[in-house]
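Quick notes on the structure that follows.
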Amino acid sequence: MCHMREPAFLVACVRRYFQPSSTLPNVDGLDWDSLLDLAYKHSVAPLLYATLQDADVTPPATFLDRLRGGVQQIARGNLMLTGELVRLLSLFEREGIEVLPLKGPTLDTALYGNLGLRTFADLDLLARRKDVLQLMRVIEADGYRLITTLHWPADSACFRARESELSFLNPAGLVIIDLHWRVLPQYFPASLSVDELWGKSHRIPLGRTKVPSLSPEHLLLYLCAHGTKHLWLRLGWVCDLARLLQVETAMDWDYILAEARQTSTLRMLALGFLLATELLGVELPPPARPVVNDRRARTLAETIHRRLMTNARIPASGWEMGLLSVRAFSRTSHRLGFVVGSLRPSEAEYRSLPLPPVLYWLYFPFRPLRLTVKYARRLTGL
């Protein structure tokens with residue numbers, strides 16, 4: 001069982017990657033198996049291994065062997081996914097379709113300059129809504145199959161996907177593509193429009209070619225919004241934001257702050273900044289420092305910090321994630337939009353009750369009924 005020491009030691013190790021002068025706690029009595037599990041759980045095994053290479057601690061040889069093997073496997077998987085991304089982007093370009101990669105190999109390259117220092121398991125691609133159906137056919141013609149459950153086998157059903165994305169699996173069962181037409185679902189506020197992303201995007205080297213990537217400014221806004229949506233459950237997400245703050249020293253902060261103010265999403269930035277500075281010790285540039293003077297953001301950061309240090313469940317329950325998200329919003333309209341969005345049908349409803357398009361409206365009363373039964377069974381142990 002993981003105790004308080006292992007999460008604290010893991011955070012200290014990762015912090016040392018960002019702040020090499022920081023010290024590590026005493027390792028006497030540390031549960032190394034639990035530490036290894038935590039590192040994978042939080043997607044920071046490569047950073048843990050990189051830190052322990054020159055740290056003044058001596059882990060058990062068996063632990064280092066297992067960690068090294070895991071990190072090598074992560075690197076091989078990343079290389080395979082990178083090659084597939086380059087191939088797919090070339091395919092889409094031949095079809096005349098613009099696609100922006102989100103996270104994945106482009107994030108590794110932009111932030112770490114190394115495809116072995118981050119953990120990712122799929123390829124997130126952003127497309128304009130008008131291109132989604134064409135892209136879907138190109139992807140399926142390439143051998144991938146749709147694994148998202150639609151409420152009905154029709155083109156119109158694709159855009160009813162609650163998370164504004166469709167997922168595909170390759171024939172070998174090794175690669176998942178998540179095709180997005182919104183950066184975040186419609187029910188979640190964000191300061192990012194798809195058209196603006198392309199307007200400020202640029203190309204970065206990846207292997208022997210160059211691929212499109214989000215601008216540093218949009219990447220920062222995206223990482224903060226994505227982390228908030230997912231309760232900043234994984235330390236690896238905080239690492240990505242911290243690394244961006246370290247390597248991109250010439251970001252247009254006037255643009256970033258103006259976008260966040262206009263869309264009332266400054267608190268999401270404040271939350272991300274507090275976690276990056278207090279957990280990992282990175283410094284904020286002067287224009288960003290006033291952002292963290294948000295009492296509610298600090299309370300949220302303390303909640304997330306406490307979850308991390310007590311090895312709370314990953315993934316968190318939908319209720320817990322929803323409550324934190326709502327607390328991170330500044331506008332009442334955003335809170336209401338989130339609550340209303342939570343009532344929208346999901347894949348679980350489509351799997352439970354296949355209905356033709358003319359009866360789609362029945363999913364709205366069916367969803368709360370299904371959830372009530374689900375949680376009642378959990379409470380009663382049935």
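The values are calculated or read from the model by the stated rules, or taken from the named source; none is laboratory data. Everything numeric in this text was worked out from a predicted model, so none of it was measured. Every residue, glycine as well, gets a Cβ built from its backbone with ideal geometry; the counts of neighbours run over all protein chains shown. Heads up: the accessible areas ignore ligands, DNA and RNA and are worked out on the full protein's heavy atoms, side chains in. Shrake-Rupley method; radii C 1.70, N 1.55, O 1.52, S 1.80 Å.
Observations on the structure shown:
- Yes/no for T228 being buried (at least 23 other Cβ atoms within 10 Å of the Cβ), more than 15 Å from the chain's Cα centre (by Cα) and farther than 20 Å from R15 by Cβ: no
- Residue count for the range 58-77 satisfying the condition of being of a type in the set (D, E, K, R) and either open to solvent by less than 70 Å² (accessible area, probe 1.4 Å) or closer than 18 Å to N114 by Cβ (or both): 2.
- Pairing each residue of the range 119-138 that is within 30 Å of V238 (Cβ to Cβ) and in a helix (DSSP H, G or I) with any residue that is aliphatic (A, V, I, L, M) and open to solvent by 50 Å² or more (accessible area, probe 1.4 Å), provided the two are 6+ apart or on different chains, yields no C-beta distance under 7 Å.
- Evaluation of A242 against (1) farther than 22 Å from L126 by Cα; (2) within 15 Å of the chain's Cα centre (by Cα); (3) surrounded by fewer than 21 Cβ atoms within 10 Å (Cβ to Cβ) (one fails), failing number: (3)
- When A270 is tested against (1) open to solvent by less than 10 Å² (accessible area, probe 1.4 Å); (2) under 27 Å from V339 (Cβ atoms); (3) touching a strand residue (DSSP E or B) at 6+ places or on another chain (Cβ under 7 Å), exactly one condition is not met: (3).
- Residues in the range 45-70 that are among the β-branched types (V, I, T) and in a helix (DSSP H, G or I) were compared, and the one that is farthest from N26 (Cα to Cα) is T62.
- Of the helices (runs of 4 or more DSSP H) contained entirely in the range 300-382, those carrying at least 3 residues that are farther than 30 Å from D155 by Cα and at pLDDT below 95 fall at 318-328, 332-342, 363-380.
- Qualifying residue in the range 47-62 (condition: in contact with a Ser or Thr (Cβ under 9 Å, 6 or more places away or on another chain), more than 16 Å from N170 (Cβ to Cβ) and not hydrophobic (A, V, I, L, M, F, W, C)): yes
- Residues of the range 304-318 classified as open to solvent by less than 30 Å² (accessible area, probe 1.4 Å) and without any contact (Cβ under 8 Å) to a residue 24 or more places away in the chain, total: 1
- For the range 19-35, the criterion of being in contact (Cβ under 8 Å) with a residue 60 or more places away in the chain, under 23 Å from the mean Cα position of the chain (by Cα) and open to solvent by 10 Å² or more (accessible area, probe 1.4 Å) is met by no residue.
- Only one entry in A316, A301, A312, A328 is touching a Lys or Arg at 6+ places or on another chain (Cβ under 6 Å) and within 25 Å of K41 (Cβ to Cβ), namely A328.
- Scan of the range 249-263 for residues that are open to solvent by less than 30 Å² (accessible area, probe 1.4 Å) and part of a helix (DSSP H, G or I), ordered by number: W253, I256, L257, E259, A260
- Among the residues of the range 278-302, just one is without any contact (Cβ under 8 Å) to a residue 24 or more places away in the chain and surrounded by 15 or more Cβ atoms within 10 Å (Cβ to Cβ), namely V292.
- Helices (runs of 4 or more DSSP H) completely within the range 139-245 that count 1 or more residues being touching a His at 6+ places or on another chain (Cβ under 6 Å) and either modelled with pLDDT of 95 or more or closer than 19 Å to L89 by Cβ (or both): 194-200
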